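Structure, as structure tokens:
The values are calculated or read from the model by the stated rules, or taken from the named source; none is laboratory data. This one's a predicted model, so the numbers in the text were calculated from it and none came from an experiment. Counting neighbours? That spans all protein chains shown, and the Cβs are built from the backbone with ideal geometry, glycine included.
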Amino acid sequence: MRKIGTAPIWATTVPMEEQFPFLKEVGFDCVMLSYFVGDDIAPLYNGAIKAGLEVCNIHGPISTVNSVWAEGIDGDDYIEIQKERINFCHSAGIPTVVLHTTFLKNPPPVSDIGIERHKRLCDYAENKGVHLAFENVEPYPHLDAVIKNVSDFHGFCWDVGHNNVYAPTTDYMAKYADRLTAVHIHDNHGAAWYSAPEMRGDKHWIPFDGSIDWEKYAEKLNSSVYDGPLTLEISLGASEEYKKMTFEELAVKYHKGVSKLREIVEKSSE
Ligand SMILES: [Zn+2]
């Protein structure tokens with residue numbers, strides 16, 4: 001049976017480093033941790049391991065990635081910052097770092113220096129035995145350019161919620177089924193102009209709270225090389241319902257959603 005995981009639950013009254021025993025008790029096998037600039041990863045990592053959870057990947061910083069496509073020291077700094085994440089994963093035995101290739105709208109165009117920096121970073125990570133998984137966000141050409149140009153030791157992080165909102169006609173598994181390395185799972189109602197504004201956009205809801213076709217998702221996922229965990233990336237910000245729930249209620253609801261999805265994924269692989 002596939003493993004299931006989640007990022008810690010953001011913005012509840014229970015600090016992240018105290019959440020792991022309950023996440024384990026509810027039935028999660030693993031967690032994904034963010035390691036942004038200024039984050040102290042050690043208490044989170046230690047807490048997860050102590051609770052008997054695996055750390056399946058970490059998310060590297062995202063807000064300065066656009067600098068990597070332009071000349072200047074900021075782009076070099078970005079690479080150094082990600083190297084620290086790779087070093088941490090290498091020493092902790094975490095297999096994968098998830099990265100973006102752009103941040104929000106209007107990144108600089110794809111450039112030789114950006115590709116060259118990504119190649120350097122990917123070589124560094126491969127030498128350390130750490131996979132980089134580049135995630136789909138807004139559909140800019142940078143993602144394809146990076147994945148095409150780096151070693152196939154590295155691959156793709158399929159964020160199905162972003163797929164539904166930002167690029168509903170793009171079949172990422174048609175492109176990257178053989179490079180799928182990590183998944184971010186969350187739900188939404190897409191970006192359709194005819195839905196109410198509060199229902200539109202990148203909501204990061206629990207599976208089955210939006211309208212993503214999970215049967216289709218399961219089929220596509222099973223067409224890929226990925227046999228890793230099904231991992232949730234949920235946010236409370238876009239749901240009044242979630243904000244009223246306790247940490248324990250949320251953890252149970254997260255688990256219910258991803259378990260139901262797991263059943264669909266398992267069934268469609270038979
Ligand atoms: Zn994501």
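Quick notes on this one:
Every residue, every condition in (1) touching a residue at least 12 places away in the same chain (Cβ under 8 Å); (2) touching a Gly at 6+ places or on another chain (Cβ under 9 Å); (3) acidic (Asp, Glu), yes or no:
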| position | (1), (2), (3) |
| --- | --- |
| Val183 | yes, yes, no |
| His186 | yes, yes, no |
| His189 | yes, yes, no |
| Lys203 | yes, yes, no |
| Asp209 | yes, yes, yes |
| Ile212 | yes, yes, no |
| Glu219 | yes, no, yes |
| Val225 | yes, yes, no |
| Leu230 | yes, yes, no |
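- Evaluated against (1) crowded, with 20+ Cβ neighbours inside 10 Å; (2) in contact with a Ser or Thr (Cβ under 7 Å, 6 or more places away or on another chain); (3) not in a loop (DSSP other than H, G, I, E, B), Asp74 falls short on exactly one condition, (1).
- Residue list for the stretch 215-243, restricted to those being part of a helix (DSSP H, G or I) and aromatic (Phe, Trp, Tyr): Tyr217, Tyr242
- When Asn87, Asn66 are checked against the criterion of being surrounded by fewer than 17 Cβ atoms within 10 Å (Cβ to Cβ), of a type in the set (S, T, N, Q), at pLDDT 95 or above and part of a helix (DSSP H, G or I), a single residue qualifies: Asn87.
- Restricting attention to the stretch 111-126, the residues being farther than 18 Å from Ile58 by Cα and surrounded by fewer than 18 Cβ atoms within 10 Å (Cβ to Cβ) number 7.
- Within the stretch 244-267, residues that are part of a loop (DSSP other than H, G, I, E, B) reach partners that are crowded, with 16+ Cβ neighbours inside 10 Å with beta carbons closer than 8 Å, at six or more positions or on different chains, in the pairs Met245/Lys253; Thr246/Thr12.
- Any chance Phe156 is of a type in the set (Phe, Trp, Tyr), within 16 Å of the ligand (Cβ to nearest atom), surrounded by 23 or more Cβ atoms within 10 Å (Cβ to Cβ) and not in a helix (DSSP H, G or I): yes
- The stretch 201-260, residues that are β-branched (Val, Ile, Thr), over 26 Å from Glu25 (Cα atoms) and surrounded by fewer than 22 Cβ atoms within 10 Å (Cβ to Cβ): Val225
- Conditions (1) away from the ligand (no atom under 14 Å from the Cβ); (2) modelled with pLDDT under 95; number of the one not met by Asp202: (1)
- Condition met for Gly161 (among the small types (Gly, Ala, Ser) and either assigned to a helix (DSSP H, G or I) or at pLDDT 95 or above (or both)): yes
- The stretch 44-102, subset β-branched (Val, Ile, Thr) and under 17 Å from Gly155 (Cβ atoms), residue nearest to the ligand (Cβ to nearest atom): Val98
- Residue match in the stretch 216-229 (condition: within 16 Å of the ligand (Cβ to nearest atom) and touching a Phe, Trp or Tyr at 6+ places or on another chain (Cβ under 7 Å)): no
- Candidates Asp187, Asp171, filtered to the one that is acidic (Asp, Glu) and within 15 Å of the chain's Cα centre (by Cα): Asp187
- Remark: pairs (first residue in the stretch 52-72, farther than 10 Å from Pro108 by Cα and without any contact (Cβ under 8 Å) to a residue 40 or more places away in the chain; second residue assigned to a loop (DSSP other than H, G, I, E, B) and more than 16 Å from the ligand (Cβ to nearest atom); Cβ separation under 6 Å; 6+ apart in sequence or on different chains) = Val55/Ile94; Pro61/Val37.
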